[in-house]
Ligand SMILES: Cc1ncc(COP(=O)(O)O)c(C=O)c1O
């Protein structure tokens with residue numbers, strides 16, 4: 001049987017590891033040696049569970065989307081991560097990591113963000129814990145996700161624009177890593193997805209695994225069967241997908257569907273569909289699938305969705321792709337936008353652009369009338385309203 | 001087999017000056033002229049930077065020189081082509097420095113063979129983990145007579161410094177302070193405790209201090225604590241001055257070496 005969990009060297013199959021310069025080694029090694037031990041401590045778990053319940057608002061509902069199900073002639077459940085405090089799944093991870101940072105005695109928190117959801121979720125837990133917070137964000141993303149920039153500032157975080165490369169998530173991550181090199185003693189880096197050097201992908205996946213833990217229990221209660229036929233999630237770095245897949249990885253009858261951003265189309269040169277366009281390489285300390293030139297230079301990705309606009313995927317997803325455990329789909333900007341309007345008008349839920357990519361894959365799956373699909377609705381669309389009003393021509397109506 | 005880095009450290013006891021530059025910057029074809037001019041001005045060792053799109057450990061100066069070099073069309077095959085006949089013109093020790101991904105795409109084995117053919121003496125790949133190197137590449141580097149140079153920092157624990165030293169040959173690259181490249185805040189030579197601690201460890205390899213060494217003062221202070229020092233960003237800034245390449249290099253290097 002193939003192992004889908006991380007091995008003792010930090011690899012998922014041949015992907016993962018910690019390809020970092022020596023400057024980062026002491027911090028990453030400290031984390032590697034301690035993360036499982038700390039996560040297993042009863043008082044850590046107690047504090048985490050209490051925050052997840054009363055602060056984040058977990059468990060999030062598993063909602064049977066009746067009208068959407070009728071439209072696709074199957075049974076569709078939405079895992080409502082959009083109802084979390086701060087509006088996305090990202091806070092599951094930041095609550096866990098901020099507690100980890102505290103246990104390690106760190107005083108200063110840094111993070112990267114794309115859509116701004118991870119930045120907001122980090123700024124939120126830092127406000128809660130009284131910790132200094134610096135968030136790196138690409139200049140392009142600062143423009144297109146302005147409401148989240150305002151929220152971070154309101155929460156007391158410093159938002160630092162990343163001005164290199166495509167000025168998006170990849171570049172924000174570079175800047176966060178440089179900050180960590182410059183501040184090796186007091187600083188903890190809260191990575192926002194299942195990317196980066198080991199142990200980050202595994203640690204973030206564990207903090208997000210609460211999603212599939214709840215899906216199992218909730219689906220069992222609603223249908224008598226804890227296993228759906230499909231679990232569908234969008235993949236930027238892959239954290240919401242990792243959380244939604246986690247407890248189903250070793251259950252092959254549950255098909256896992258990972259949905260990437262095709263941007264203007266996978267052949268357009270303006271895309272972020274890493275599983276289609278990427279080759280094995282190294283980005284942000286991890287060996288994984290990576291969009292790159294023949295010479296090994298990282299390609300600038302593109303997606304309308306800031307959270308999916310990343311040229312790599314986490315090593316777990318590279319392994320799921322290569323082993324065939326997950327089905328990978330890619331969805332264009334236009335298809336995602338259509339899915340936004342569809343969910344909004346059928347169910348009265350405005351999804352985030354990222355999550356809309358997962359919804360748009362419903363038409364591709366071809367599920368039968370007696371089958372069950374769980375879509376991870378990773379976030380809400382408040383941050384994307386300007387884009388929606390523009391694209392749906394709703395100004396002044 | 002002779003290795004020019006080893007010979008250099010055997011012959012010159014102290015005050016060694018190593019200079020880093022990004023291949024392909026300021027212009028694509030400047031690589032060989034820069035090497036020859038550096039040698040002419042008495043530099044001891046040269047680190048030829050292979051530009052990468054996402055240089056994690058570098059500050060703004062090397063980020064920008066890398067971006068321009070890539071835009072100019074620099075690639076590993078292009079660099080090897082430029083360096084093909086370099087040993088007809090100079091015997092100065094040459095080290096290739098860059099990030100792992102472009103080398104991995106070129107093929108590590110092919111890369112090492114080609115480097116040997118040209119007469120390269122050492123390789124620095126800061127994001128290649130020590131454990132991967134030990135497991136997969138030690139023999140390959142040895143067969144090709146290439147020194148593998150690793151970095152240590154003020155935060156590296158003693159035991160790991162010893163481990164790194166045991167797998168390094170050439171020199172130990174002592175990162176001066178907790179910083180990406182190119183900082184000029186003076187911290188580069190402030191950490192004398194660290195330099196002394198490493199100095200007293202009796203390592204097999206000589207040490208060279210780099211990161212943030214940017215003028216005559218910082219260079220000479222670094223030389224008090226190690227066999228020599230490495231200058232990168234400050235040299236790249238000097239190349240961007242008005243005037244000819246030759247003039248800029250001469251002015252900069254003479255300014256560093258005065259009275260040392
Ligand atoms: C709502 C939402 N979904 C998904 C993502 C993509 O991240 P990941 O693939 O790590 O879940 C983001 C990232 O910003 C997001 O905000």
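The values are calculated or read from the model by the stated rules, or taken from the named source; none is laboratory data. Bear in mind the structure is a predicted one, so any value in this text is a computation, not a measurement. Every residue, glycine among them, receives a Cβ derived from its backbone with ideal geometry; neighbour counts consider all protein chains shown.
Residues in segment B:49-69 that are within 11 Å of chain A (Cβ to nearest Cβ) and not in a helix (DSSP H, G or I): B:50, B:51, B:52, B:53, B:54, B:55, B:56, B:57, B:58, B:59.
Scanning segment A:169-192 for residues that are surrounded by fewer than 24 Cβ atoms within 10 Å (Cβ to Cβ), out of contact with any strand residue (DSSP E or B) (no Cβ under 6 Å at 6 or more places or on another chain) and more than 10 Å from every other protein chain (Cβ to nearest Cβ) yields a count of 0. Residue A:266 meets all of the listed conditions (1) under 19 Å from residue A:361 (Cβ atoms); (2) within 16 Å of the ligand (Cβ to nearest atom); (3) in contact with a helix residue (DSSP H, G or I) (Cβ under 6 Å, 6 or more places away or on another chain) but one, namely (2). Among the residues of segment A:299-310, the ones that are crowded, with 24+ Cβ neighbours inside 10 Å and either within 14 Å of chain B (Cβ to nearest Cβ) or more than 15 Å from the ligand (Cβ to nearest atom) (or both) come to 2 in all. Can we say residue B:26 is under 28 Å from residue B:184 (Cα atoms), modelled with pLDDT of 95 or more and within 15 Å of the chain's Cα centre (by Cα)? Answer is no for this residue. What about residue A:87, is it within 16 Å of the ligand (Cβ to nearest atom) and out of contact with any strand residue (DSSP E or B) (no Cβ under 9 Å at 6 or more places or on another chain)? So residue A:87 fails the test. Checking the stated criteria, residue A:171 turns out to be out of contact with any helix residue (DSSP H, G or I) (no Cβ under 8 Å at 6 or more places or on another chain), more than 13 Å from the ligand (Cβ to nearest atom), more than 18 Å from residue A:375 (Cβ to Cβ) and free of Cβ contacts under 8 Å to residues at least 60 places away in the same chain. Exactly one residue out of A:236, A:196 is within 14 Å of chain B (Cβ to nearest Cβ), surrounded by 20 or more Cβ atoms within 10 Å (Cβ to Cβ) and either more than 18 Å from residue A:289 (Cβ to Cβ) or within 15 Å of the ligand (Cβ to nearest atom) (or both): that is A:196. Could you tell me which numbered condition residue A:243 fails, if it satisfies all but one of (1) assigned to a loop (DSSP other than H, G, I, E, B); (2) away from every other protein chain (no Cβ under 14 Å)? For residue A:243, the failing item is (1). Filtered by the rule that a residue be within 23 Å of residue B:176 (Cβ to Cβ) and either within 14 Å of chain A (Cβ to nearest Cβ) or surrounded by 21 or more Cβ atoms within 10 Å (Cβ to Cβ) (or both), segment B:31-45 gives B:38, B:43, B:44, B:45.
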